[in-house]
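Remarks on the structure that follows.
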Amino acid sequence: MSDFLRTELEKAQQCLLETYELAASYGDNEEKDTSKYLLLMEQICQIRDNCIRNDRALEMAIAEHTIDSFQITFQREVKGPGKKFQAKRTREYKAFADRLDEISNSVNTSEEAPSTSKDGAMEMQVQVNLNDPLTKRRMVDPVKNTICGHTYEKSSIQDAIQINPMLRCPVAGCGNNQYITTAHLKPDKALKLHLQRLVDADENGDNDD
């Protein structure tokens, strides 16, 4: 299989995961249904297997000395006897299914009430706020603090860090005592898509009026 096709299949798989993360966080029950994502992953696995099978057939056929024998050998190897391919048994499919479960569990955990850990300390629970904790305005380009999970507007948190390098998470009640650095911040793609949906919905509502 070519490097290009391998990369494209990996991109498709990652796109499915990011789409499900958005659906799990903000979608309805139908959008949260994992079956359609698993079905698409089966198709990706099937495409990957077909490419590998074709590559192997080509290796066998290329040793032939005539066009006719090349075609016969190639078709024989592609359609040859063997166990039927089962995508659900592949390592890639199982890893994808596990990742869907992790995303679902992560979203469900964040929606639960705060719980107490074994040492009696209150565990941090993250609730997504659409407004930036610094400017109090709705975010446009959100970034997530990988330490505590809270989200900020990218420009405002970067400006705040420059002004005060000893800045801690500005969300009230956050138990994260580490100073924020740019290394702690990563784009929150799922929330950004959700925010864009809200903007589009508001614009459509204004147009209806």
So for region 27-34 (the condition being buried (at least 18 other Cβ atoms within 10 Å of the Cβ), of a type outside the set (Asp, Glu) and over 18 Å from residue 78 (Cα atoms)), does at least one residue qualify? no
Looking at region 123-170, which of the residues that are part of a loop (DSSP other than H, G, I, E, B) and acidic (Asp, Glu) is modelled with the lowest pLDDT? 123
Would a scan of region 48-56 turn up a residue that is part of a helix (DSSP H, G or I), closer than 29 Å to residue 187 by Cβ and in contact with a helix residue (DSSP H, G or I) (Cβ under 9 Å, 6 or more places away or on another chain)? yes
Exactly one condition in (1) closer than 30 Å to residue 98 by Cβ; (2) part of a helix (DSSP H, G or I) is not met by residue 84; state its number. (2)
For region 171-209, give me the residue count where each residue is more than 20 Å from the chain's Cα centre (by Cα), closer than 18 Å to residue 129 by Cα, outside any loop (DSSP other than H, G, I, E, B) and in contact (Cβ under 8 Å) with a residue 12 or more places away in the chain. 1
Residues (at pLDDT below 85 and either within 23 Å of the chain's Cα centre (by Cα) or of a type in the set (Lys, Arg) (or both)) located in region 43-99: 53, 56, 76, 79, 83, 84
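The values are calculated or read from the model by the stated rules, or taken from the named source; none is laboratory data. Note that the coordinates shown come from a computational prediction; the quantities given were computed from them, not determined experimentally. Glycine gets a Cβ as well: all are built from the backbone with ideal geometry, and neighbour counts include every protein chain shown.
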